[in-house]
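The values are calculated or read from the model by the stated rules, or taken from the named source; none is laboratory data. Values in this document were obtained by computation on a predicted structure and should not be read as measured data. Here the Cβ positions follow ideal geometry from the backbone for every residue, glycine too, while neighbour counts run over all protein chains shown. Just the protein is used for accessible areas: all its heavy atoms, side chains included, with ligands, DNA and RNA removed. Shrake-Rupley method; radii C 1.70, N 1.55, O 1.52, S 1.80 Å.
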Amino acid sequence: MGKFDTFIQTRLLRPIRLKAVINILKRLPAGTILDLGCMDDYLLKRLPQKFDYFGIDDNPLCNNSRIKKIKVEDLSKKDKFDIVIATEVLEHLDNPVQGIDKLKSLSKRFILISVPREPFFSLFRLFVPAKEHLWTIYPWALKKHLGKPVLETVACFGRTYIALWDLNKKNIP
């Protein structure tokens with residue numbers, strides 16, 4: 001990513017996306033959260049205190065005892081969380097379908113995912129592909145593997161698709 005693109009992503013679009021994520025989380029019952037690829041403690045600092053947060057990233061940009069420098073593969077099969085979050089993660093994985101399966105195996109109830117939304121993401125970059133993105137993840141592909149979300153929205157000027165799945169199929173407030 002170039003300096004201008006990094007600035008736009010981290011200073012403008014990421015806060016908008018995470019604000020939308022926080023607004024969804026506020027509607028959910030209290031519980032444990034696993035934030036995959038959290039990058040830093042931005043979300044942690046803004047979460048309601050009803051949540052017990054655990055973030056992981058293979059290269060975190062901050063020091064925080066609630067964020068560990070580990071890969072998702074390093075989590076125990078016994079580790080389960082009420083809410084598993086993956087914001088702008090799946091498009092970076094070698095195998096996003098395996099990534100979705102891992103999200104399901106880690107979640108007791110909710111999975112919250114955001115992915116860049118095409119064609120707006122490419123349009124924003126003047127159709128130059130993002131070198132760090134290995135895949136384009138479409139909402140229909142997520143629905144194929146996770147079913148119908150209980151909530152879906154777009155954020156960041158139409159650039160980001162955000163959806164919430166309830167694995168227990170209960171209605172949320």
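With the Cα gyration tensor of segment 17-122 giving a ≥ b ≥ c as the square roots of its eigenvalues, does the rule (a/c under 1.5 for rounded; else a/b larger than b/c for prolate; else oblate) give rounded, prolate or oblate?
rounded
If the limit is 30 Å between Cα atoms, which of LYS108/LYS143; LYS69/LYS148; LYS108/LYS144 go over it?
In this structure, LYS69/LYS148 exceed 30 Å between Cα atoms.
Based on the mean of other Cβ atoms within 10 Å per residue, sort peptides 32-43, 75-86 so the most packed one is first.
With the highest mean Cβ count within 10 Å placed first, the list reads 32-43, 75-86.
Using a 1.4 angstrom probe with every protein chain in place, what is the largest-first accessible-area order of LYS169, LYS143, LYS108?
In descending accessible area the options line up as LYS169, LYS108, LYS143.
Quote to one decimal, in nm, the extra length available between ASP58 and ASP79 on full extension: 0.36 nm per residue of separation minus the C-alpha distance between them.
5.8 nm
Could you order TRP165, TRP140 by accessible surface area, starting with the largest, using a probe radius of 1.4 Å?
TRP140, TRP165
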